[in-house]
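A quick write-up on the structure given underneath.
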Amino acid sequence: MSILIYAEQQNGKVAKSAKELASYAKAYADKTGQDVVAVGAGLEDADSLFQYGVSKVLNVNDETLKTFNAFAHAQMVAQAADQQGSGLILISDSNDAVYMGSILADKLEAGYVSHVIGLPEDGGNFTVKRKVFSNKGIAYTEVLSDKKLLRLAKNSFGIIENPVSGSVEDFKPEIDKSVYETYKITKVDKATGKVSLSDADIIVSAGRGLKGPENWGMIEELAEVLGAATACSKPVADIGWRPHTEHVGQTGKQVAPNLYIAIGISGAIQHLAGVNGSKNMLVINNDPEAPFFKAADYGVVGDAFEVVPNLIEKLKAFKNQ
Amino acid sequence: MRILFLMSSVPDTTSKINFTDNNTKFDESGIQYVINPHDEFGLTKAMQIKEKTGAELVVLNVGTAKTEPVIRKVLAIGADKAVRIDADPLDSYFTAVQIAHYINNHDEFDLIIAGKESLDYNGGMVHGLVAGMTGKHFINAVIGLELKDNNAVEVAREIDGGKEFIETSLPLIIGGQKGLVKEEELRIPNMRGIMMARKKPLEVLPAVEATVKTKIDKFEKPAPKGAIKLVDKDNLDQLIDLLHNEAKVI
């Protein structure tokens, strides 16, 4: 019996999320005497997954399938699950995987759980912890169906190396490719070069405390020093200081980096709803009463226009050691 | 043209989340319910299309009688009629079965608009399950939609790092979010709308028999955060030390 993971790629390289899925799958596989198999399309470095416990990669080399289409990829994963006899299938929470997930759940007739944050619990039935109420609660959710589909919350389990010997197979599923016509991609707008919010280990975010769009230079510089992505609060996206793609919050993006740095952001509940999956939060704000200080791990009370340039200098020195 | 708006009623964002009955149930006491924030963008888009094309707009909710005040807000914003399927939305699969049954047994809907995810149970899957059960086209994380001639529709979906434009055709189900319309365009009920809503039909239908594929055994609150470590602004070396050696993030 094997646990199946849906491995995504970026520019042909296995995505970070796939390594986290593999780590989770391997940990559970070891407990239950199973193997971990990965399925994906266009994985040029498929063998990199062996390092994380995957013993077989079903890699689709068909050119059409290298472009994501939720329906085509759902067919691909369903066929892999069928071929491998997998009862447990794992996907990430990327935009693509979330889109594909419910289509796949319907195909597999699988009980489907999202925002999963832990391995299945010990005990008789199959129960996992998941985040609910926008991260303000945890629900122990039992999956009652034979086939089970879990969508892992990003950065909740971690990436663990557990090397095994493995093989890569040229997987040739039967796919109805008319779905690429039904959903015809006419254009893709993607910011190249910049670190994307969904992948970033560190995010530098700023809000109204910066007083104007002309002051964002130091935010971008801090992000550059840290190799971080930039984000912002809703008010500054709404008034056009920053692009909407940077808006993090309840109706914006949900992020879960290792470190979220909030500068000149008070910490309204709607903002926290987007960032409380972060492993660590650092708040820099002039107002000691700012609600964010109650939610964060580290804080500096001070004028951002002094603290941030100072921090940039010190970080540059630190990185040069 | 017929538009179906799938509405979730969720606790307002500022609600305190607690559990009762030995942590097996969500504590509803004192909770204010609202239209799910992601749904609101889809509702405003539906109203814009309705005003442009004369489309009929129906709002559908799977819920107990407790959701009716929220459903009436949607009627007040301008939907023509409402349908409540009388059931507790036990899990996403159960809820999808109810919605799919309604869709499959009524006059065709050209556009079915849901929110990307409801902010209570954060499933984000009912819309796609309904698409599977009804055979209709489906696109998720929709941040733009333009109806074209001959049932064609151009949709923008959010992808990691940007957006993708897709051309497809009606009938279409979407999981919508902010971007479908701008924040400042969001409709709210006005007095006239509230008055008119009282005369609009709110049909209550029984649920069809369906199983569940998941169930919640118990809840808990996340572990409380430890006290924040405040660092003096003149001692940023200490901050870097904490981030490097303690948090291990740099």
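The values are calculated or read from the model by the stated rules, or taken from the named source; none is laboratory data. Only a predicted model underlies this, so the values are computations on that prediction, with no experimental measurement involved. Virtual Cβ from ideal backbone geometry, glycine too; neighbours counted across all protein chains shown.
For segment B:13-28, which residues satisfy the criterion of being within 10 Å of chain A (Cβ to nearest Cβ) and charged (D, E, K, R)? Selection gives B:K16 alone.
Would you call B:V34 under 18 Å from the mean Cα position of the chain (by Cα), buried (at least 24 other Cβ atoms within 10 Å of the Cβ), part of a strand (DSSP E or B) and at pLDDT 95 or above? Against the criterion (under 18 Å from the mean Cα position of the chain (by Cα), buried (at least 24 other Cβ atoms within 10 Å of the Cβ), part of a strand (DSSP E or B) and at pLDDT 95 or above), B:V34 does not qualify. In the condition set (1) buried (at least 21 other Cβ atoms within 10 Å of the Cβ); (2) on the phi > 0 side of the Ramachandran plot, B:I99 is compliant with all but (2).
Of the helices (runs of 4 or more DSSP H) lying entirely inside segment A:239-321, those containing at least 3 residues that are of a type in the set (D, E, K, R) span A:304-320.
Could you identify the single residue in B:R2, B:R72 that is charged (D, E, K, R), more than 14 Å from every other protein chain (Cβ to nearest Cβ) and buried (at least 19 other Cβ atoms within 10 Å of the Cβ)?
Details: B:R2 fails: buried (at least 19 other Cβ atoms within 10 Å of the Cβ).
On inspection, the qualifying residue turns out to be B:R72.
For segment B:46-55, indicate whether the set of residues that are in a helix (DSSP H, G or I) and surrounded by 24 or more Cβ atoms within 10 Å (Cβ to Cβ) is non-empty. Yes, there is a match, as at least one residue in segment B:46-55 is in a helix (DSSP H, G or I) and surrounded by 24 or more Cβ atoms within 10 Å (Cβ to Cβ).
Of the strands (runs of 3 or more DSSP E) contained entirely in segment A:26-129, those carrying at least 1 residues that are within 27 Å of A:E142 (Cβ to Cβ) and touching a residue at least 40 places away in the same chain (Cβ under 8 Å) fall at A:35-41, A:88-91, A:111-116.
Candidates in segment B:81-95 are the residues that are outside any loop (DSSP other than H, G, I, E, B) and within 15 Å of the chain's Cα centre (by Cα); of these, the one that is surrounded by the fewest Cβ atoms within 10 Å (Cβ to Cβ) is B:S92. Scanning segment A:204-237 for residues that are among the hydrophobic types (A, V, I, L, M, F, W, C) and either in a helix (DSSP H, G or I) or touching a residue at least 60 places away in the same chain (Cβ under 8 Å) (or both) gives A:A206, A:L210, A:M218, A:I219, A:L222, A:A223, A:V225, A:L226, A:V236, A:A237. If a residue must be within 11 Å of another protein chain (Cβ to nearest Cβ) and either touching a residue at least 40 places away in the same chain (Cβ under 8 Å) or in a loop (DSSP other than H, G, I, E, B) (or both), how many such residues does segment A:135-166 contain? Of the residues in that region, 12 qualify.
So that you can scan it fast, the table gives a plain yes or no per residue for (1) within 7 Å of another protein chain (Cβ to nearest Cβ); (2) under 16 Å from A:A139 (Cα atoms); (3) surrounded by 12 or more Cβ atoms within 10 Å (Cβ to Cβ); (4) more than 37 Å from the chain's Cα centre (by Cα):
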site	(1), (2), (3), (4)
B:V208	no, no, yes, no
B:K213	yes, yes, yes, no
B:I228	yes, no, yes, no
B:L239	yes, no, yes, yes
